[in-house]
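Written below as structure tokens is the structure these notes are about.
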Amino acid sequence: MNADAKIQIRNLAVRYGRKESLKGISLDVPANSIFAIIGPANSGKSTLLKCINRTIELTPGARVEGQVLIDGQDTAGIRDVYGLRRRIGMVFPLPVGLPLSVYDNVAYAPRMAGGCSRADLDIIVERCLRQAALWDEVKDRLKSLGTMLSGGQQQRLTIARALSHDPEILCLDEFSIAIDPVTTMRIEDVLLELRKNMTILLVTNLVQQARRLGDATCFLNKGELVQVDRTEVIFSERPGNQVTHDYVHGVFG
Amino acid sequence: MKPEEAMRPDSQPAQDASGPGGAAPPGRRRTAGRGPIRRLFHSLSERTIVSLIYLCGISAIVFVFSIFYFIFREGAPFLRDGFDFQKFFFSINWMPTSEVERSYGILALIFGTGAVTLLAMVVAVPFGLGTAVFIAEFCGRRTREALKILIELLAAIPSVAWGFIGMVVMGPLIVRVTGADVGANALNAGIIVGLMSVPIIVSIAEDAIRAVPDDYRAAAEALGATRWQVVYKVIFPAAKSGLLAAVLLGVGRAVGETMAVLMATGNAVNIPADGRFPFFHALDSVSTLTATIASELGEAPRIGALPDGSYPPAAHHYQSLFVIGIALFVITFAVNLTADLVVKGIRKQR
Amino acid sequence: MSPPEAGPSTLGSGPDRAANLFAATDLTRRKLRAQRIAKYAFGAMAAAIVLPLLLILAYLLVRAWPMLSWGFITEVPANFMRGGGVWPALVGTLYLVTFSLLVAAPIGVLAGIYLNEFARDNWFTRAVNLAVINLAGVPSIVHALFGVGAFVIFAGLGKSILAASLTLAIMTLPVIIVSTKEALNAVPMAFRQACWNLGASRWQVIRTIVLPNSISGILTGLILQVSRAAGDTAPIMFTGVVFYMAVEPGTLLPYSPTDQCMALAYHLYTVTTQVQDAPEALPYATAVVLIGFVFVFNSAAIILRTRLRAKKKW
């Protein structure tokens, strides 16, 4: 276990009522890298992300044990939970444009945090929309409603919003479900660029995406951590674990 | 971000002065945050508003308890001194102002409430449920919208206006049709209160019918059932708890109705001696629990305790009205609780 | 199967049998007739509720017509309540409604926010919900008794506009709570989650996303509260409303909050039951003004709701 890791997860277990969603997993996510998380449906991938920014606390009926440490600090001990969440960008599978203008969508987080002038906001909005490969499509209609964009545009808007508060960590949960392959490729390029100074957690059920992007990959199955290793190892012919091998080579999943 | 920066003592949202630490390249940093006072204000206002929200949530419970407490407080001396449980509930003599023999028996009032409620349900249940079925299953969108708006307006008419309608429209009508001596009687109040209860029955029953999954309808129609067969073979059984709840809430409404009853019943404390009740005596004038309170509270003086702490007999009239209030509170509480449990029961099943 | 070369049917023998495949049998004809009868029967039930209502309203209007004029609204009662107008009662109702709205709106909206946004699924929330249901179900005359016991006597407000408005406020609270809760519930959960992930606090999300998108629904609830408060008689008749009160015609603010006042609903009750030899049309005209007053608010609520449905943002 590496104490220098950006995110350290220690014996994390989550139950929803009687159902065990995560069964005590431990992980290290190194800084400035893309860490891919793969696994079949209901393997606890999204729950893991919710634990990192503590939105799991807002989920009715969820009980959490174990620790998540960021920069060596236990997140459960952080009193300013909103500050914590602003250090982490979150993108969920289904696009959610807030019922605000495109501009206000992206400016939402900085505004809620306070301390931004109008000029700052303009800069942030343009930067984030460019990073999410959306700027060219919406630059002339920043005032129109975010919810009126197409599904793919809304998903890129969601990504732009997740970048708007300069997160140190970016979590993406199957971000490419609602967007077309070309846009997906563009965003993948953006992610590779962002990796230089951001830690990226990429939950995906497209194993090829994990293979393309991941520096390291972990494989979750039914709430248990099956294997974590460098991506080349996981996707090699001999990952060292039969279940992993079967999953990445499409035998089940 | 360094740990000590994250360990800010307050949990307020506005504090981005530090920016997100070294990860951000220069030029991405934000300008300095608002002053500490502004931030403190933000934190305080957030906490204030959240505690206010919790407080208001609790207030509903507080109000229910204080309703019970304050009514009980006014009625307590009577419960302590002059109250005879058996006589109160089983005597038909309500003579609170009699100089010769004061008597507080509410049986006749309970019968009056029962008669009006029963007659009201005879009107409201078939018509209410029928209208709900028509709205939910048989009519087009436009008709439905129009009907719902009309039903809503029906619900909006104040009860005193209903009472007026009972006096000037329904009364003469009843006299002409039945040949009764007076138009202000149990039947009149029953019809009026029935009309008043229709909207609540319609809206709850319609919700219950719409809550029946469309799969059921589709499955039944695929088997060749007509709409009507779907309704009485599939919808009614599936929605029966919701329909029951609708009727119960209608009953609650009818029991509690005051002004319309006061104006339309004739408000005479009366119980037919031969016990053939209530349809054979629907044309008699009656009084109900609610109407009695409304008509007598204004005249019953609130008399304070004597120096020795006891109350003169005349004080009991005022106090006994509050005891009737307690009885009404308990009755409607029970009816509404049952309706709520019935509705919850349906939700559990799904 | 109109084309004759359709070939032999698997169900019958020859084109005759096939042609009759979709023709009504006796059984289906009977079923369809039953369906039509059912439709008309239920339609008749709906009509039996709605049409008499319209007839009655028309009747009231016709009978009230001789007295209805602008003067009837702006004048004070004259000739021992046998003439004049309803001005002091109308203003009194406005007083009661305004004060009760001032009390009930903040409490009701915040309680609705609590129930939809903060309440967890536990016994306490169930207790609050039950209390709201019960508050809505308690008869108005019991609210009147409470008003007498709590505000008139215990709080020492005496019979006054304040005591009556407070009683009305508590009685109409559930209307606001329930409609606020429903309006908030219509805002998708995903918006809240998205904002929480952006580091917004619960209240920030409520203020910036939830409330702006449910404001029409909340307003509808407030309007219905006004309508309910304006129409109810029982809770105010022992807590602050009087038979007659002398008021200068046309004064906008004739009462102070500690005064008693007249109110439309109670005025209708008194002119109907306690004034002898009033002109025929007087109670009818009073009823029309009262019902009209209430209908104005209800129509506003209906229009607001229709417009809200027309412009959905998602």
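The values are calculated or read from the model by the stated rules, or taken from the named source; none is laboratory data. What you see is a predicted model; the values in this text were computed from it and never measured. For neighbour counting, all protein chains shown are included, and Cβ atoms are generated from backbone atoms with ideal geometry for every residue, glycine included.
Among the residues making up region C:79-134, those that are among the charged types (D, E, K, R) and within 11 Å of chain B (Cβ to nearest Cβ) are C:117, C:126. Taking region B:291-333 as the search range and keeping residues that are among the small types (Gly, Ala, Ser) and within 20 Å of residue B:261 (Cβ to Cβ), which one is surrounded by the fewest Cβ atoms within 10 Å (Cβ to Cβ)? Only one residue tops the list, namely B:298. Every listed requirement among (1) within 14 Å of another protein chain (Cβ to nearest Cβ); (2) crowded, with 21+ Cβ neighbours inside 10 Å is met by residue B:115 save one, (1). Scanning region B:46-74 for residues that are facing chain C (nearest Cβ under 7 Å), within 23 Å of residue C:172 (Cβ to Cβ) and in contact (Cβ under 8 Å) with a residue 24 or more places away in the chain yields a count of 3.
Just the residues that are more than 8 Å from chain C (Cβ to nearest Cβ) and either at positive phi or not in a loop (DSSP other than H, G, I, E, B) (or both), please, taken from region A:90-110. Of everything in region A:90-110, those that are more than 8 Å from chain C (Cβ to nearest Cβ) and either at positive phi or not in a loop (DSSP other than H, G, I, E, B) (or both) turn out to be A:91, A:101, A:102, A:103, A:104, A:105, A:106, A:107, A:110. The residue pairs whose first member lies in region C:124-140 and is crowded, with 18+ Cβ neighbours inside 10 Å and part of a helix (DSSP H, G or I), whose second member is at pLDDT 90 or above and of a type in the set (D, E, K, R), and whose beta carbons are closer than 8 Å, counting only pairs six or more residues apart or on different chains, are C:140/C:232. On inspection, residue C:208 fails the criterion of being under 30 Å from residue C:91 (Cβ atoms), of a type outside the set (A, V, I, L, M, F, W, C) and in contact with a helix residue (DSSP H, G or I) (Cβ under 9 Å, 6 or more places away or on another chain).
Would you mind stating whether residue B:110 is in contact (Cβ under 8 Å) with a residue 24 or more places away in the chain, surrounded by fewer than 20 Cβ atoms within 10 Å (Cβ to Cβ), within 19 Å of the chain's Cα centre (by Cα) and on the phi < 0 side of the Ramachandran plot? It is true that residue B:110 is in contact (Cβ under 8 Å) with a residue 24 or more places away in the chain, surrounded by fewer than 20 Cβ atoms within 10 Å (Cβ to Cβ), within 19 Å of the chain's Cα centre (by Cα) and on the phi < 0 side of the Ramachandran plot. Tell me yes or no: at least one residue of region B:75-83 is among the acidic types (Asp, Glu), more than 26 Å from the chain's Cα centre (by Cα) and away from chain C (no Cβ under 14 Å). The answer is yes, given that some residue of region B:75-83 is among the acidic types (Asp, Glu), more than 26 Å from the chain's Cα centre (by Cα) and away from chain C (no Cβ under 14 Å).
Here is a yes/no grid of residues against (1) in contact (Cβ under 8 Å) with a residue 12 or more places away in the chain; (2) surrounded by 15 or more Cβ atoms within 10 Å (Cβ to Cβ); (3) more than 26 Å from the chain's Cα centre (by Cα):
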{"residue": "C:51", "(1), (2), (3)": "no, no, no"}
{"residue": "C:60", "(1), (2), (3)": "yes, yes, no"}
{"residue": "C:78", "(1), (2), (3)": "no, no, yes"}
{"residue": "C:90", "(1), (2), (3)": "yes, yes, no"}
{"residue": "C:96", "(1), (2), (3)": "yes, yes, no"}
{"residue": "C:99", "(1), (2), (3)": "yes, yes, no"}
{"residue": "C:105", "(1), (2), (3)": "yes, yes, no"}
{"residue": "C:108", "(1), (2), (3)": "yes, yes, no"}
{"residue": "C:112", "(1), (2), (3)": "yes, yes, no"}
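Residues in region A:195-221 that are more than 15 Å from the chain's Cα centre (by Cα) and either surrounded by fewer than 14 Cβ atoms within 10 Å (Cβ to Cβ) or small (Gly, Ala, Ser) (or both): A:196, A:208. Within the set C:199, C:217, the sole residue that is modelled with pLDDT under 90 and either in a loop (DSSP other than H, G, I, E, B) or within 11 Å of chain B (Cβ to nearest Cβ) (or both) turns out to be C:199. Here the helices (runs of 4 or more DSSP H) wholly within region B:156-244 that include at least 3 residues being away from chain C (no Cβ under 13 Å) are B:171-178, B:186-210, B:214-222.
Kindly indicate whether residue A:183 is in contact with a strand residue (DSSP E or B) (Cβ under 7 Å, 6 or more places away or on another chain) and β-branched (Val, Ile, Thr). When the stated conditions are applied, residue A:183 does not pass them.
Taking the listed residues A:68, A:125, A:81, the one that is under 25 Å from residue A:14 (Cα atoms), at pLDDT 90 or above and either within 14 Å of chain B (Cβ to nearest Cβ) or surrounded by fewer than 21 Cβ atoms within 10 Å (Cβ to Cβ) (or both) is A:68, with no other qualifying.
Scanning region A:178-194 for residues that are away from chain B (no Cβ under 14 Å) and either loosely packed, with under 12 Cβ neighbours inside 10 Å or among the acidic types (Asp, Glu) (or both) yields A:180, A:181, A:182, A:188, A:189. In region B:288-336, the residue that is farthest from residue C:235 (Cα to Cα) out of those that are touching a Ser or Thr at 6+ places or on another chain (Cβ under 9 Å) and hydroxyl-bearing (Ser, Thr, Tyr) is B:288. Exactly one residue out of B:179, B:130, B:183 is of a type outside the set (Ser, Thr, Tyr), at pLDDT below 90 and either surrounded by 20 or more Cβ atoms within 10 Å (Cβ to Cβ) or not assigned by TED's automatic domain parsing to the domain that holds residue B:241 (or both): that is B:183. Considering (1) touching a helix residue (DSSP H, G or I) at 6+ places or on another chain (Cβ under 6 Å); (2) within 8 Å of chain B (Cβ to nearest Cβ); (3) within 30 Å of residue C:272 (Cα to Cα); (4) surrounded by fewer than 21 Cβ atoms within 10 Å (Cβ to Cβ), the lone condition that residue C:153 does not fulfil carries the number (1).
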